[in-house]
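This report refers to the structure that appears directly beneath it.
The values are calculated or read from the model by the stated rules, or taken from the named source; none is laboratory data. Computed from a predicted model, the values in this text were never measured in an experiment. Heads up, the Cβs are rebuilt from the backbone with ideal geometry, glycines too, and the neighbour counts pull from every protein chain shown.
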Amino acid sequence: MLFGKRNRVVKRILIVEDEPLTAFDNEVRIGDLGYEVVATVDGFEQAVALIESEEVHLVLSDFRLSGEQTGLDLAHAAKKHGVPVLFATGHQVPEDAKPSALGCLRKPYSERQLKQALDTVDRMLAGEKVKTPRGLDIYPASDG
């Protein structure tokens, strides 16, 4: 299709964010970009329950969550269910978290950067070679 839209791999996104304003902004922006927001939650337990019960194509998660668990714990749990995680955080992501996630969109980010990051991740998951936009770090693939 010459001018048509490509089919997305990522259609349904779970947002995990403990900052209410950021969570709301992400929910609105992601919906406006044509993705379906499965839910917006602030903690590990809620997120894992949704990953286990809903069709989720991508988790967009802060690294720090409400409660004891972190985004690293969530990335490990999501990976067991075959669901990729993209961190969205202003905090330094530890090296040991990188094998469990696709990458990190660094806060603060604009609506344009969010769109570019989601497009890049979608293309990456579709097996395309991608150029990484500003503000997005892609982690090397890991089989672990």
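For this structure, a couple of remarks:
- Residues of the stretch 21-46 that are more than 11 Å from residue 62 (Cβ to Cβ) and among the hydroxyl-bearing types (Ser, Thr, Tyr): 35, 40.
- Residue within the stretch 28-39 that is among the aliphatic types (A, V, I, L, M), in a helix (DSSP H, G or I) and under 24 Å from residue 99 (Cβ atoms) present: no
- Top-ranked residue in the stretch 94-128 [being within 14 Å of the chain's Cα centre (by Cα) and part of a loop (DSSP other than H, G, I, E, B); ranked as farthest from residue 63 (Cα to Cα)]: 109
Yes/no matrix, rows are residues, columns are (1) under 19 Å from residue 105 (Cβ atoms); (2) touching a strand residue (DSSP E or B) at 6+ places or on another chain (Cβ under 8 Å); (3) of a type outside the set (A, V, I, L, M); (4) surrounded by fewer than 19 Cβ atoms within 10 Å (Cβ to Cβ):
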site: 57; (1), (2), (3), (4): yes, yes, yes, no
site: 65; (1), (2), (3), (4): yes, yes, no, no
site: 69; (1), (2), (3), (4): no, yes, yes, yes
site: 72; (1), (2), (3), (4): yes, no, no, no
site: 78; (1), (2), (3), (4): yes, yes, no, no
site: 90; (1), (2), (3), (4): yes, yes, yes, yes
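- Only one of 72, 50, 60, 86 that is hydrophobic (A, V, I, L, M, F, W, C) and at pLDDT below 95: 72
- Evaluation of residue 124 against (1) in contact (Cβ under 8 Å) with a residue 24 or more places away in the chain; (2) surrounded by 14 or more Cβ atoms within 10 Å (Cβ to Cβ) (one fails), failing number: (1)
- Contact map, the stretch 82-95: first residue among the hydroxyl-bearing types (Ser, Thr, Tyr), second residue buried (at least 20 other Cβ atoms within 10 Å of the Cβ) and in a loop (DSSP other than H, G, I, E, B), Cβ cut-off under 7 Å, separation 6 or more or different chains; pairs are 89/62; 89/63.
- In the stretch 90-100, the condition of being modelled with pLDDT of 95 or more, at negative phi and among the hydroxyl-bearing types (Ser, Thr, Tyr) is met by no residue.
- Yes/no for residue 26 being of a type outside the set (Phe, Trp, Tyr), modelled with pLDDT of 95 or more and closer than 20 Å to residue 124 by Cβ: yes
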